[in-house]
1. Among the residues in the stretch 72-85, are any of a type outside the set (F, W, Y) and closer than 22 Å to A226 by Cα?
2. State all residues of the stretch 109-143 that are open to solvent by 30 Å² or more (accessible area, probe 1.4 Å) and part of a loop (DSSP other than H, G, I, E, B); if no residue qualifies, say none.
3. Looking at the structure I just gave you, is D53 open to solvent by 70 Å² or more (accessible area, probe 1.4 Å), acidic (D, E) and over 20 Å from the mean Cα position of the chain (by Cα)?
4. So, in the stretch 4-20, of the ones that are β-branched (V, I, T) and closer than 21 Å to A88 by Cβ, which residue ends up farthest from the chain's Cα centre (by Cα)?
5. Limited to the stretch 17-50, what total is found for residues that are touching a helix residue (DSSP H, G or I) at 6+ places or on another chain (Cβ under 9 Å), open to solvent by less than 50 Å² (accessible area, probe 1.4 Å) and part of a helix (DSSP H, G or I)?
6. Residues in the stretch 170-206 that are basic (K, R) and surrounded by 12 or more Cβ atoms within 10 Å (Cβ to Cβ): how many?
7. Restricting the first residue to the stretch 208-229 and requiring it to be without any contact (Cβ under 8 Å) to a residue 24 or more places away in the chain, which pairs with a second residue that is in a loop (DSSP other than H, G, I, E, B) and open to solvent by less than 60 Å² (accessible area, probe 1.4 Å) meet a Cβ separation below 7 Å and a spacing of at least six or different chains?
8. I'm trying to understand the selection: among the residues of the stretch 126-159, which are charged (D, E, K, R) and under 27 Å from Y190 (Cβ atoms)?
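The values are calculated or read from the model by the stated rules, or taken from the named source; none is laboratory data. This is a predicted model, so every value here is computed, not measured. With ideal geometry, Cβ positions are generated from the backbone for all residues, glycine too; neighbour counts draw on all protein chains shown. Note: accessible area is taken over every heavy atom of the protein model, side chains too, but ligands, DNA and RNA are not part of it. Shrake-Rupley method; radii C 1.70, N 1.55, O 1.52, S 1.80 Å.
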Amino acid sequence: HIVMPNIDADSIAPMLQVCADYPTLCYPTIGLHPTEVKEDYREVLAAMKAQLDTSVRGEAPHTPFIAIGEVGLDFYWDSTYKIEQIAALEEQIAWALEYDLPIIIHSREAFTELYELFSKYKDTPLRGVFHSFTGTADEAKALLEFPGFVLGINGVATFKKSTLPKALQEVPLSRLVVETDSPYLAPVPYRGKRNESTYVARVAEKLAEVYQRSAEEVAQQTYDTAYNLFFAR
């Protein structure tokens, strides 16, 4: 299974075409990435919601969306649309709750704001992935307060100067999934090259080292976690 996150309005059609071409392999999500939130975000979200409504009702010609994402908060490059990003995320959280779908969360230079926003949803069925987690042990502990969520670990964990292995020492393996963030963040020894799905094996090998488990155990556990989150109903 390949989960294919959406980021903006223009990426929906080509993503759905790939999923139509490989219907038992590729599965689409839908959402507005925070770095794509601009003045017209309300109109973009309205169009996405209409497409989501059609898909969930089974009227779309392609595989239904299996999650909301990739969405979240990103104040690394620019915080001009900070208020709009928060509003867009809250609306898309509402979609996830309305349709009982997991949500894929992107967060960069926005931990405090994200934690405060999500604290309102602790007693809801909201579930998903805090994607591309690269934070501290304290941040990991805080995010795991949300019982329906797991941390997404990618190639960053394999980087020589990465602090992730240390940060994960207190995180149960059952609260992790491995991911690519393709085409970015390829693991060692492919760092700097185009990332691809087969490289998740390198991430699993690193987690096996961190948790002192076999790579096969890590692969099975993270597969089960991802499958249960995205596909089990």
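1. Scanning the stretch 72-85, I find at least one residue that is of a type outside the set (F, W, Y) and closer than 22 Å to A226 by Cα, so the answer is yes.
2. Within the stretch 109-143, E109, K122, D123, T124, P125, R127, T134, T136 meet the criteria.
3. no
4. Ranking the qualifying residues of the stretch 4-20, first place goes to I12.
5. 6
6. 4
7. A208/S214
8. E139
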